[in-house]
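Novice: One structure, as structure tokens, below. Some questions next.
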Amino acid sequence: MRKRAVVAIGGNAITRPGQVGTIPEQFANAEHACRDLLLLLEHGYDLVLTHGNGPQVGNMLLRVELSAHQVYTIPLDTCVSDSQGGMGYMLQQVMRNVLSDGGFDKTVATVLTQVVVGLDDPAFESPSKPVGPFYSSDRARDLREKGWAVVEDAGRGYRRVVASPIPLEIVEIGAIRTLLDAGVIVIAVGGGGIPVSMDNGHLRGVEAVVDKDYASSLLARELGVELLLIGTGVEGVYINYGKPDQKLLPELTVEEAEGYLEEGHFPAGSMGPKIKAAIDYIRQGGKEVIITDISALGRALKGGTGTRIVP
């Protein structure tokens, strides 16, 4: 029986720092990532791919803001769904081309994925996730009157902040499981999933964003996969990162990861969610997490770099 892996590709792997984020740039970056992922197929894994969408949704929200005087505005949950469709199309096409070049005969399919969140999640009381463009103080005042939460962002202007609630349920998990069982490479839970609430069996979109690593961890647990691979912009997990005595941690137990997290080595805005997602996955029966740059995957699978988190 083939093994299974959920692979979380960061949005910054598709739009790299310093790039404009044009469609040709995104396609080129996606191709590099997908070529690296062929190694997992060669190691006997069937794959479910997830992806971030931070830079992409930020650009969508900027377009909404710039065109608001001419066309209707689009709510945040719809922007997330649009990014799932567009990025899913891109990854689906590029992955199929890469598979063809590598001699693999496999189908790739994208599942537009909703995730249920709780409206009583504490995140809704204290929105903290910055989204979209920067605003002037006058525009920020107008948006606050509209009901948005807007905060100053490091002296660069004002930004909208939204809730980032914990994902509770993946609505389309049955469809994802069926496709995976059929040998399809599935792209799902893009951007953490489209946040929805559940009320008497009815779904409603929610203006929020879900962390894609938390959603990927939930997906990996629901599917019972053997490996959760979390892509990041560095080769692995470090303590004292950015300092002269920074140290790459090749392997961590859950207890060690929790200890370093409590000591503040993994900030909430960077490595923290990845570590928490890894802990949740392992605590609930997962076998192994690898955190690394997708481009270093070959060496990480051989133990030459990256960080493994194990029971």
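The values are calculated or read from the model by the stated rules, or taken from the named source; none is laboratory data. Remember, predicted model here, so these are calculated numbers, not experimental data. Here Cβ is always computed from backbone atoms with ideal geometry, including for glycine, and neighbour counts include all displayed protein chains.
Novice: In the range 60-102, how many are modelled with pLDDT under 95, touching a helix residue (DSSP H, G or I) at 6+ places or on another chain (Cβ under 7 Å) and among the aliphatic types (A, V, I, L, M)?
Specialist: Result for the range 60-102: 3.
Matching residues to (1) of a type outside the set (K, R); (2) surrounded by 13 or more Cβ atoms within 10 Å (Cβ to Cβ); (3) in a loop (DSSP other than H, G, I, E, B):
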{"site": "V225", "(1), (2), (3)": "yes, yes, yes"}
{"site": "K243", "(1), (2), (3)": "no, no, yes"}
{"site": "P267", "(1), (2), (3)": "yes, no, yes"}
{"site": "I290", "(1), (2), (3)": "yes, yes, no"}
{"site": "G304", "(1), (2), (3)": "yes, no, yes"}
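Novice: Among the residues of the range 14-43 satisfying the criterion of being surrounded by 17 or more Cβ atoms within 10 Å (Cβ to Cβ) and of a type in the set (V, I, T), which is farthest from L229 (Cα to Cα)?
Specialist: T15
Novice: For the range 274-288, which positions are surrounded by fewer than 20 Cβ atoms within 10 Å (Cβ to Cβ) and either of a type outside the set (D, E) or on the phi > 0 side of the Ramachandran plot (or both)?
Specialist: Result: R283, Q284, G285, K287.
Novice: Just to be sure I understand, how many residues within the range 104-145 are among the hydroxyl-bearing types (S, T, Y), more than 30 Å from E42 (Cβ to Cβ) and in contact with an Asp or Glu (Cβ under 7 Å, 6 or more places away or on another chain)? Before the answer, list the steps.
Specialist: Let us first name the residues in the range 104-145 that are among the hydroxyl-bearing types (S, T, Y), namely 107, 110, 113, 126, 128, 135-137.
Subset that is more than 30 Å from E42 (Cβ to Cβ): 126, 128, 135-137.
With in contact with an Asp or Glu (Cβ under 7 Å, 6 or more places away or on another chain) added as a condition, the list becomes none.
Adding up the residues that qualify gives 0.
Table: residues versus (1) part of a helix (DSSP H, G or I); (2) within 27 Å of I74 (Cβ to Cβ); (3) without any contact (Cβ under 8 Å) to a residue 12 or more places away in the chain; (4) in contact with a strand residue (DSSP E or B) (Cβ under 6 Å, 6 or more places away or on another chain).
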{"position": "L168", "(1), (2), (3), (4)": "no, yes, no, yes"}
{"position": "G174", "(1), (2), (3), (4)": "yes, no, yes, no"}
{"position": "T178", "(1), (2), (3), (4)": "yes, no, yes, no"}
{"position": "V186", "(1), (2), (3), (4)": "no, yes, no, yes"}
{"position": "G191", "(1), (2), (3), (4)": "yes, yes, no, no"}
{"position": "S197", "(1), (2), (3), (4)": "no, yes, no, yes"}
{"position": "V210", "(1), (2), (3), (4)": "no, yes, no, yes"}
{"position": "L219", "(1), (2), (3), (4)": "yes, yes, no, yes"}
